[in-house]
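Here is the structure we will look at, set down as structure tokens.
The values are calculated or read from the model by the stated rules, or taken from the named source; none is laboratory data. Predicted, not measured: the structure shown is a model, and the values here were computed from it. Neighbour counts run over all protein chains shown; Cβ positions are idealised from the backbone, glycine included. SASA here: full protein model, heavy atoms, side chains in, ligands and nucleic acids out. Shrake-Rupley method; radii C 1.70, N 1.55, O 1.52, S 1.80 Å.
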Amino acid sequence: MAHTIAAVEPDGIAGQCGLRPGDTLLSINGEPVLDQVDYQYLTAGERLVLEVRRGAEIEEIHLEKDADEPLGLTFASSLMARPRMCANRCVFCFVDQMPEGMRASLYVKDDDWRLSLMMGNYITLTNLSDREFARIIARRASPLYISVHAMEPGLRARMMGNPRAARLQEQLRRLARHGISFHCQVVLCPGINDGAALDATLEALAALHPAARSVALVPVGLTGHREGLCPLTPYDAASAAALLAQAHAWQEAFWARLGTRFVFAADEFYALSGQPLPPEEAYEDYPQLENGVGLLRSFREAFYGARALAAQETAVPRRVLVATGVSAAPYLRALVSHAAPAGVQARVLAVENRFFGGHVTVAGLLTGSDLLHALAGEEADEILISQAMLRREDALFLDDMPLDALRARLGVAVHAVPCDGADFFYALLGEQYQTED
């Protein structure tokens, strides 16, 4: 594919070699550049041959640079084509459980290995042609993040509504043979892929270690909008405790066999069962943090670390209300009751998710209307919420309510705090937001 150059950094290697805006990049080392993955891979070397069209002429530009040194080029259009879409009909799909009338982007089901490589998105491998699978290997796209759910072919195909899902074992073995590593997740549906089926899945994935680097166990998320969908049962305290007992037994076995615990249960299982969080070392290097595995433990450690560093700092005296999801509320309540800065009256409110339904308990899926309903009439000088509730680019909640609209309706300062324990502690201190206001 041809890509028109829009800008060239004057001090960059490409600029030094004479490339300029308006030139068209045709290939690198004789290979076409399909997308950003190709561009990053092909430009990582030290010796490059760029085929460039300038007007009616085609030139070859030979250059040498340091490994991984960027060329300094900006292109007129994105090197990423439209994301590849999901080809599955998973029985637990969260998008299928969304209410009508929300913004269009929330109904998009992407399943793109390039986004897995660059952003850590989980993919299923069911929509890959042989050519694209070969490109994963050729571009050494590692690590990937793969939604497994079950390793038994028939069970996986039924859960995902796609016969191509049955090919996973062959695909993972091929990735492992070619040195491609991957993290895995298993969305657990009680009575379907837990119990003995989960034992078989973990045993099969462990056989692929070290290519298979970790496995996250995540409870199925069920909203109140499942009309006409496959009937599924949510986890409760007893079933969550049973799952944790199974996971902990596997961790002990894998530690002895592999030198890693390998499988990690999502924080939601601990919240549901009422069991204490594991110590920090049990999460090793937090390989599944973005999947909600170890997030609460990491948050706590960062909170106390910031508290120790700020021991001499004085807080802004005020009443602070922390509004969060039902799952996180007990953990945040313990933090503020034992370790809030002196002079700050902090209180944690567990906000029920009325928009998606009571089985959805994570803070990131609370909406503006949920907060408005829960916070109306509450007295506070300031309200803190998680930044995970908002779309970053325009501070909109999932129901399209702007953060400023929530502030106006409540008549109280509402601040969105990054999902980090240190940021939360400094937000309780109040200095950063006081200077903003």
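Where the centre of each part is set by its Cα atoms, how far does the range 71-135 sit from the range 355-391, in angstrom? Centre-to-centre distance over Cα atoms comes out at 28 Å.
A 1.4 Å probe run over the protein chains yields, for the range 79-159, 44 Å² of accessible area per residue, whole-number rounding. For the range 383-390, 3J(HN,Hα) computed residue by residue from phi via the Karplus equation (6.51, -1.76, 1.60; θ = phi - 60°) reads 10, 10, 10, 7, 4, 5, 6, 10 Hz, glycine and proline entered as x. Peptides 418-428, 137-147 ordered by packing proxy, namely the average of other Cβ atoms within 10 Å per residue, highest first: 418-428, 137-147. The range 268-310 and the range 147-191 have their alpha-carbon centroids 28 Å apart. Over all Cα atoms in the chain, the spread is summed up by Rg and Dmax: 24.7, 72 Å.
For the peptides 268-276, 370-378, the ranking by mean Cβ contacts within 10 Å, running from highest to lowest, is 268-276, 370-378.
On a per residue basis, the range 276-350 carries 50 Å² of accessible surface, using protein heavy atoms and a 1.4 Å probe.
Remark: the range 368-379, residue by residue, has Karplus-estimated 3J(HN,Hα) of x, 5, 4, 5, 4, 5, 6, 9, 4, x, 6, 9 Hz, where x stands for each Gly or Pro and the curve is 6.51 cos²θ - 1.76 cosθ + 1.60 at θ = phi - 60°. In the range 233-317, the ratio of gyration radius to Kirkwood radius, Rg to Rh, stands at 1.09 when only Cα atoms are counted. Using a 1.4 Å probe over the heavy atoms of the protein chains, calculate the carbon and sulfur portion of the accessible area of the range 47-117 as a whole percent. Here it works out to 50 percent. Using only the C-alpha atoms, the convex hull of the range 184-262 corresponds to 92 Å³ per residue. Using a probe radius of 1.4 angstrom, the carbon and sulfur fraction of the accessible surface of the range 361-437 is 49%.
The alpha carbon convex hull volume per residue for the range 347-426 rounds to 93 Å³. Taking 4.7 Å between beta carbons as the limit, the unpaired Cys residues of the chain are C17, C86, C184, C189, C230, C419. Accessible area per residue for the range 225-272 is 47 Å², calculated with a 1.4 Å probe on protein heavy atoms, without ligands, DNA or RNA. With the simple model of a label 7 Å out from the Cα in the direction of the Cβ, E313 to A196 spans 5.6 nm. Loop-located GluC sites (Glu not before Pro) in the range 129-237 (DSSP state not H, G, I, E or B) with no more than 13 neighbouring Cβ atoms inside 10 Å: E227.
Rounded to the nearest 5, the antiparallel percentage of DSSP beta bridges internal to the chain is 40%. The residues neighbouring N88, those whose beta-carbon lies less than 14 Å from its own, together hold a net charge of +3 under the Lys/Arg +1, Asp/Glu -1 convention. Of the solvent-accessible surface of the range 134-199, computed with a 1.4 Å probe and all protein chains present, 53% belongs to carbon and sulfur.
In this simple spin-label model, placing a label point 7 Å from the Cα along the Cα-to-Cβ direction at both E69 and H338 gives a separation of 5.3 nm. Taking each residue as 0.36 nm, the span from L232 to A44 lengthens on full extension beyond its C-alpha to C-alpha distance by 63.0 nm. In this calculation the C-beta distance from R174 to A405 is compared with R0 = 56 Å, giving a FRET efficiency of 0.65. Put simply, the amide H of V417, placed in the peptide plane, has neighbours under 5 Å in I385, S386, Q387, leaving out anything fewer than 5 places away on its chain.
How large is Rg over Rh for the range 288-332, taking Rg from the Cα atoms and Rh as the Kirkwood inverse mean of 1/r across Cα pairs?
Working: Rg = 13.2 Å, Rh = 12.6 Å.
Ratio of gyration radius to Kirkwood radius for the range 288-332: 1.05.
Each Lys and Arg adds +1 at its Cβ and each Asp and Glu adds -1 at its Cβ; summed about the Cα centre, the range 7-129 shows a dipole of about 600 debye. Ellipticity at 222 nm from helices only: DSSP H runs of n ≥ 4 in the chain, each -39500 (n - 2.57), divided by the residue count, give -9500 deg cm²/dmol.
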